[in-house]
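Reading through the structure tokens given below for one structure.
The values are calculated or read from the model by the stated rules, or taken from the named source; none is laboratory data. These numbers were taken from a predicted model, which means no experiment stands behind them. FYI the Cβ positions are ideal-geometry reconstructions off the backbone, even for glycines, and counts take in every protein chain you see. Please note that ligands, DNA and RNA were not included when accessible areas were found on the heavy atoms of the full protein model with its side chains. Shrake-Rupley method; radii C 1.70, N 1.55, O 1.52, S 1.80 Å.
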Amino acid sequence: MKELRLMKGNEALAEAAIRVGADAYFGYPITPQSEVIEYLMANRPEDRTGMVVLQAESEIAAINMVYGAAGCGKKAITTSSSPGISLKQEGLSYIAGAELPCVVANVVRGGPGLGTIQPSQSDYFQSVKGGGHGDYKLIVLAPNSVQEIVDYTKLAFELAFKYRNPVMIQSDGIIGQMMEKVELFEQMPRVEPDYEWATIGRKEGKPATFVTSLQLKAEEQEKVNLRLQAKYREIEKNEVLYEEYDCKDAEYLLAAFGSCARITRKAMELARKKGYKVGLLRPQTLYPFPVDAFNKIAYQVKGILTVEMNAGQMVEDVRLAVNGKTKVEHFGRFGGMIPNPDEILNALEQKIIGG
Amino acid sequence: MAKRGDVVIDIEKCKGCEVCISACPQEVLALAPQVNNKGYHYAIKVNSDCTGCANCAIVCPDAVITVYREK
Amino acid sequence: MAENLINPENLVYKKTDVLTDRIMHYCPGCGHGTAHRILAEVIDEMGIQNETIGVAPVGCSVLAYYYFNVDMQEAAHGRAPAVATGIKRVFPEKFVFTYQGDGDLAAIGTAETIHACNRGENILVVFVNNGIYGMTGGQMAPTTLVGMKSSTSPFGRDTKTMGAPLKITELIAQLPGTYFVTRQSVHKPGNVRKAKKAIRKAMEYQKLNKGTCFVEIVANCPSNWKMTPVQSNKWMEENMFPFYPLGDIKVPEEK
């Protein structure tokens with residue numbers, strides 16, 4: 001029988017982490033994501049599955065605890081919000097460089113600086129372009145509902161271990177704080193790791209294993225980079241996820257991700273009522289980006305409007321994808337402000353349809 | 001009379017730091033006039049007064065000394 | 001010599017197999033090599049080579065994983081105690097150690113160090129204090145002595161502008177999470193033996209889940225102190241030991 005619950009996005013993420021068989025959560029409180037660690041502490045996953053939950057002294061410590069646990073081949077997860085995610089970038093770069101699997105959720109709030117605690121999508125660049133130092137990529141999943149938070153938590157661990165790469169779930173203050181009906185998957189068992197790359201204790205007669213992101217020779221570091229790039233090309237080939245709404249006959253296209261895509265869908269419906277043939281393309285993976293989907297639809301539509309809760313970030317990837325084939329504009333509210341469907345429709349009319 | 005001992009020095013791994021020389025109570029060790037492949041003067045035995053106390057090996061940062069002692 | 005003593009039955013000392021055969025990159029006479037060796041010997045003697053996971057820092061000992069024949073992870077600068085926490089929490093039955101220098105442990109990683117110790121993580125922290133940043137070429141460290149010259153304190157450490165050297169080990173000893181805190185050196189045979197005993201004790205306590213054990217090793221840095229190894233050991237005795245006195249700082253209460 002389906003297990004349906006009414007849950008907050010942050011709590012659903014925490015519950016999904018327990019159910020996916022995660023071995024460890026390391027976190028640090030920050031609004032609007034503190035419910036994740038609060039839920040975990042209250043639910044005593046150590047009794048349910050043996051999962052470790054630890055409140056670290058900082059986001060930096062938390063991500064490095066993740067590094068340690070992930071280096072042992074364990075399923076480790078941390079969550080934070082924008083300023084905290086900035087602090088985690090050092091660790092994420094090391095995790096990507098050492099090719100360890102882990103899951104990180106960013107419940108994005110408005111910035112820059114301490115910014116605001118209200119929802120935002122202004123960490124798009126930080127998530128999809130790497131975020132820390134060096135040539136690396138995170139796989140970035142953008143849920144638009146509490147249900148997708150749950151589903152993507154499971155997917156994130158699958159992808160993290162498939163590619164030995166950190167996976168970012170880019171949520172935001174809306175999805176994290178909103179309560180929705182959610183169907184939970186059944187408890188999965190925790191798995192004892194037995195990976196060659198993991199430090200699980202040296203095997204007798206074999207050389208010891210070490211986890212590192214250091215290469216002293218440039219030739220060796222280039223080889224590492226080439227291997228990483230090959231992996232990213234694989235990810236781009238295999239793991240793109242997106243949804244299209246009413247795109248078949250569309251003359252104009254809206255593009256939005258996460259919570260903003262839900263508002264944009266309403267704007268699309270309003271536009272259709274006014275007689276405009278408008279579709280919506282929603283990337284579910286921000287990296288790998290649905291380049292081919294945008295490229296294809298660029299031949300069909302007269303223009304694309306990206307709608308984002310930022311000053312124009314995904315719009316750059318859409319422009320790269322369509323490579324000049326059609327006009328691409330951006331409409332955004334930011335700093336914690338949320339666009340309403342009317343102003344999106346208005347922007348569509350002004351920037352694309354009438355423009 | 002003290003027990004007799006002997007040391008074997010892995011001269012290619014020796015960096016000629018001389019810490020063993022100052023740790024040897026019998027003044028058995030000295031630096032060779034020659035150098036190894038890394039260019040270091042390496043430690044050598046200069047007499048047969050070794051008692052196998054292992055002090056030299058215990059302070060050797062590069063673990064290049066193996067010690068034997070008459071049983 | 002009348003007979004050849006060099007045969008296995010007369011063997012009294014040889015390099016432990018818990019160290020690999022790789023030539024260490026450390027400068028001649030550097031204390032790191034000896035500190036590595038005694039830690040490896042303890043692991044060997046306790047028979048825990050396959051149950052030990054180490055964490056290397058950023059600093060001269062960044063490549064420690066080349067020399068220890070145990071599973072190891074290389075941490076970001078200062079983060080070794082957090083990485084070790086992650087390892088120990090998912091593998092509570094393993095022996096976990098960090099090996100860190102003064103810049104790593106007492107400057108950039110102060111928060112991670114203090115909080116791991118405060119939580120009483122069941123790990124061994126080996127802290128090699130030579131009062132200088134070795135790998136980057138001799139800059140001032142948190143533990144650089146007052147008046148001591150370095151490339152970033154070329155006229156000597158001036159406490160008015162640079163602060164006083166940090167006795168982090170005394171600070172660590174104040175924390176309820178630490179069980180055994182000691183300061184040792186590895187420059188003379190007697191000191192090496194004592195330091196090794198301290199590491200052995202720490203590992204035995206880890207087996208009993210007693211909390212964090214912290215072993216500082218005051219060490220030399222001949223290259224950056226610009227002395228010969230033997231001179232540097234003498235300088236260390238005369239200058240480092242008065243400020244960083246050797247001995248146990250926190251010992252478990254005997255029952």
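Observations on the model:
- Accessible surface buried at the C:B interface totals approximately 2700 Å², computed with a 1.4 Å probe on protein heavy atoms.
- Pairwise label distance in nanometres, C:Phe155 with C:Glu9, each label 7 Å out on the Cα-Cβ vector: 6.9 nm
- Here the simple spin-label model places points 7 Å from the Cα toward Cβ, and for A:Lys181 and A:Leu6 these points are separated by 1.1 nm.
- For C:Gly59, nonlocal amide neighbours, meaning residues 5 or more places apart or on other chains whose placed amide H falls under 5 Å from its own, do not occur.
- Averaging 1/r across all pairs of distinct Cα atoms in chain A and inverting the result yields a Kirkwood radius of 20.8 Å.
- D_trans [Stokes-Einstein, Kirkwood Rh over alpha-carbon pairs] for region A:242-353, 4 °C, 1.567 mPa s, µm² s⁻¹: 97 µm²/s
- Heavy atoms of chains C and A lose about 2700 Å² of accessible surface on contact, summed over both sides with a 1.4 Å probe.
- Cα-based convex hull volume of region A:135-206 per residue, rounded to whole Å³: 125 Å³
- Semi-axis lengths, largest first, of the ellipsoid equivalent to region B:5-69 are 18, 12, 10 Å, with √(5λ) applied to each eigenvalue of the Cα gyration tensor.
- Under 5 Å between amide hydrogens, built in the peptide plane, is the criterion, and for C:Ile217 it picks out C:Phe127, C:Val128, C:Asn129, C:Gln184 among residues at least 5 positions away or on other chains.
- Charge dipole (debye, nearest 20) of chain A; +1 at Cβ of Lys and Arg, -1 at Cβ of Asp and Glu: 640 debye
- Too-long pairs where the Cα-Cα distance tops 29 Å, listed order kept, from A:Lys88/A:Lys327; A:Lys137/A:Lys266; B:Lys15/C:Lys149: A:Lys88/A:Lys327; A:Lys137/A:Lys266
- Per residue, region C:128-242 exposes 43 Å² of accessible surface when a 1.4 Å probe is rolled over the protein heavy atoms with every protein chain present.
- Most to least packed among A:34-41, A:128-135 [average Cβ atoms within 10 Å]: A:34-41, A:128-135
- A straight line joining the Cα centroids of region A:37-73 and region A:293-321 runs 38 Å.
- Fraction of accessible area attributable to carbon and sulfur, region A:242-353 (%, probe 1.4 Å): 46 percent
- Dipole magnitude for the protein assembly as shown: computed about the Cα centre from +1 point charges on Lys and Arg Cβ and -1 point charges on Asp and Glu Cβ, it is near 380 debye.
- Among A:221-230, C:183-192, A:289-298, the order from most to least packed when residues are scored by Cβ within 10 Å on average: C:183-192, A:289-298, A:221-230
- Ordering of A:64-71, A:206-213 by burial proxy (mean other Cβ atoms within 10 Å per residue, highest first): A:64-71, A:206-213
- Around the amide H of A:Leu141, modelled in the peptide plane, lie the amide H atoms of A:Met168, A:Ile169, A:Gln170, A:Leu286, all under 5 Å away and 5 or more residues distant in sequence or on another chain.
- Given charges at beta-carbon only (K, R positive; D, E negative), |dipole| of region C:19-250 in Debye: 400 debye
- Within region C:153-255, antiparallel bridges make up roughly 30 percent of the DSSP beta bridges whose residues both belong there.
- Threshold 30 Å² - residues in region A:57-93 whose accessible area is reduced by that much or more when the chain is no longer isolated, probe 1.4 Å: A:Glu57, A:Ile60, A:Asn64, A:Met65, A:Tyr67, A:Gly68, A:Cys72, A:Lys74, A:Glu90
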